[in-house]
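Working notes, beginning with the structure itself.
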Amino acid sequence: MAHSHSKYADFESLRERAVTLRREGYSLRQIRDELKVFNNDILNQLVKGEAPPAWTKRPRAKDDLRAKARELRLQGWTYDQIEAELGCSRSSVSLWVRDLPKPERKRSPGEAAAIARKGWEAKLRIRDEERQRTKAMAKQAMAKQAIGGLSPRELFLVGVSLYWAEGSKDKPYERRENVTFVNSDPGVIKVFLAWLDLVGIERERLRFTVMIHESADVAGAERYWAELVGADSSAFNKTTLKKHNPKTVRKNIGAAYRGCLVIKVLKGADLYRRIEGSWCGIVWGADSTD
C-alpha cells in the first residue's frame, strides 16, 4: 500500500538527509527527532535499504545456540540429541532447524536385524492367519460336500489305518500284542475313539496317559484331554513329564500345546490281532486295485 507524502512535500530531499544520518550512525529515534518525522511508515520509507548501525542491534542470547543447533543438525543429530546437548526446549530446536533436511537415521547392525526380524515375523503372522482361515473354510466345505457321514465300513478302514500309522506294533524281536495309540491331534483322537466304539470296545477298558514337557501347562493339558475324551480322573494314569532341555529350541510351545495323549486298551491282544489282520487286508486290496 502506497503512503502519502503530502505532509513532507520534498520527500527526496528529506530521504537524502535521513540516509546521511543513518550512515553516520543515527538510530531511527534520533532521525525522527532530528527531522521531525513522527510517522513510522514514512520514517521507514526514508531509510529503506539502509542497514541499521551496529550499536542499535540488541544481541540475542539464543543466537549462538541457534547456530550450534543448525550445525549439529547438519551433522545428522536428532532433535532429542540436540535438545540434550544444548539444554534448550524441543520447540526451540524445531524452530531453528526445521528448514534443514531430515538426517537419515543410522542404525546399528543389531537394530537393523531386529527391525527386519520384526517385519518378517509380522508377515509370517499375517500369512499364518490367512492360511488358518483358508484351512477352516476348506475343512467345512470338504466335510459337508465331499465327505459327509462315514459308513461303518469306511470308519473301520480309517481306524485300522490310523492305528497302523500311530499305534504300537508287534515286532519279531519284541512281542507286543497290545493296543496302544499315541497322538497329539484332538481330531485324530476323536476318530480313534469312534473306531473303538464301532468295534465294541467299552470305555471302561480304556486307560489314558498325558505325555507333556514339564515346562508346559501340565494341569491345563490334563483338563483339556479329560474333557475331550469324556473320562474322569480314575481312567487317567499319572502324567508322563518330559525333562526340559534348555539347549533345545522347542517349537511346540504356547497355549495350543497340550502334549500327547496315550490310549491303551486293557486286555487288547485279541483286538490287536484283528487290527493286524485287517491292515493286511487293506494292503492286499490296494495291491489288487487296477
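The values are calculated or read from the model by the stated rules, or taken from the named source; none is laboratory data. Remember, it's a predicted structure, so these values are computed and weren't measured experimentally. Cβ placement follows ideal geometry from the backbone for every residue including glycine, while neighbour counts extend to all protein chains displayed.
Between Asp270, Asp287, which is modelled with pLDDT under 90, of a type in the set (D, E, K, R) and outside any strand (DSSP E or B)? Give the steps one after another, and end with the answer.
On the way: Asp270 fails: modelled with pLDDT under 90.
Step by step, each of Asp270, Asp287 is checked, and only Asp287 is modelled with pLDDT under 90, of a type in the set (D, E, K, R) and outside any strand (DSSP E or B).
Is there any pair linking a residue in region 208-220 that is among the acidic types (Asp, Glu) to one that is not in a strand (DSSP E or B), with Cβ under 6 Å and at least six apart or on different chains, and which?
Short answer, once both residue conditions are applied: Glu214/His244.
Does Gly277 qualify as being surrounded by fewer than 13 Cβ atoms within 10 Å (Cβ to Cβ), under 16 Å from Gly159 (Cβ atoms) and more than 45 Å from the chain's Cα centre (by Cα)? Walk me through how you get there before you give the answer.
Values: surrounded by fewer than 13 Cβ atoms within 10 Å (Cβ to Cβ): yes; under 16 Å from Gly159 (Cβ atoms): yes; more than 45 Å from the chain's Cα centre (by Cα): yes.
Answer is yes for this residue.
Going by the conditions given, is Ile42 in a helix (DSSP H, G or I), modelled with pLDDT of 85 or more and in the same structural domain as Leu28 (by TED's automatic domain parsing)?
On the way: in a helix (DSSP H, G or I): yes; modelled with pLDDT of 85 or more: yes; in the same structural domain as Leu28 (by TED's automatic domain parsing): yes.
Criteria met by Ile42.
Give the residues of region 226-247 that are exposed (fewer than 11 other Cβ atoms within 10 Å of the Cβ) and either charged (D, E, K, R) or outside the structural domain of Asn183 (by TED's automatic domain parsing) (or both), sorted by residue number. Spell out the reasoning first.
Residues of region 226-247 that are exposed (fewer than 11 other Cβ atoms within 10 Å of the Cβ), as a first pass: 227, 230, 232-234, 238, 243, 245-247.
Hits for region 226-247 are Glu227, Asp232, Lys238, Lys243, Lys247.
So Leu162 ticks every box in (1) of a type in the set (A, V, I, L, M); (2) outside the structural domain of Lys242 (by TED's automatic domain parsing); (3) surrounded by 14 or more Cβ atoms within 10 Å (Cβ to Cβ) but one. Which box is left unticked?
Going through the list (1) of a type in the set (A, V, I, L, M); (2) outside the structural domain of Lys242 (by TED's automatic domain parsing); (3) surrounded by 14 or more Cβ atoms within 10 Å (Cβ to Cβ), Leu162 breaks only (2).
Could you look through region 207-244, keep only residues that are under 13 Å from Lys264 (Cβ atoms) and part of a helix (DSSP H, G or I), and pick out the one that is nearest to the chain's Cα centre (by Cα)?
Val229
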